[in-house]
Amino acid sequence: MSVDGITESTQYLTFNLEDEVFALDITKVREVLEFSSVTKVPRVPEFMRGVINLRGSVVPVLDMRMKFGMSKTEKTVNTCVIIVEIVIDDDPIMLGALADSVKEVMDIDAENIEPPPKIGTKLRTDFIKGMGKHNEEFVIILDIDKVFSTDDLSLIQDAKKPVSSGVTEKAS
């Protein structure tokens, strides 16, 4: 695959998870919100922190650190929710990606982006669009449409469905 095929745009929103810098194609980012609180949803994966009300829409908030095998994101003054639009079965879905902090919007030219590393057949790296170089540091460029598996996304879709009132589930 050529480097030109890896990137749709040259502008990326960069953000921190622990000590690593990640980037998202700016065309996928809708807005960045301060992280205040989320409404917990029962029976969802641990990385799904809950949902928020975004101008009347239910938006799932996913902890990117936990999804990548890191520790749970702790709330600080810099913690934020990056609202992104992903596509599931040709349907656009809004998600909130919880991050330690947002850095900046930066231009990364195609010649400064290398294909994702080949780590082996057992480890998934298909969610990495490429490795960008900026000021002699690597930036991991994510393909946000591929970060979450189909199973993850179906659980997220189920969590967004309204709960029927008056029916409770018995604990066994």
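Past the 31 Å Cα-Cα mark, which pairs from Lys40/Lys133; Lys72/Lys103; Lys40/Lys118? Walk me through the intermediate numbers first.
Working: Lys40/Lys133 38 Å; Lys72/Lys103 20 Å; Lys40/Lys118 37 Å.
Among Lys40/Lys133; Lys72/Lys103; Lys40/Lys118, the Cα-Cα distance tops 31 Å for Lys40/Lys133; Lys40/Lys118.
Could you list which residues have their amide H under 5 Å from that of Val21, counting only those 5 or more apart in sequence or on another chain, with H placed in the peptide plane?
So Val21 has HN proximity to Ile140.
Can you list the trypsin sites (Lys or Arg not before Pro) in the range 53-123 that are in a DSSP coil and have 14 or fewer other beta carbons within 10 angstrom? Mind dumping the intermediate values first?
On the way: sites: Arg55, Arg65, Lys67, Lys72, Lys75, Lys103, Lys118, Lys122; in loops: Arg55, Lys72, Lys75, Lys118, Lys122.
Filter output for the range 53-123: Arg55, Lys72, Lys75, Lys118, Lys122.
Just so you know, all these numbers are worked out from the coordinates, no wet-lab data involved. Predicted model, so just to flag it, every value in this text is computed and none were measured. Every residue, glycine among them, receives a Cβ derived from its backbone with ideal geometry; neighbour counts consider all protein chains shown.
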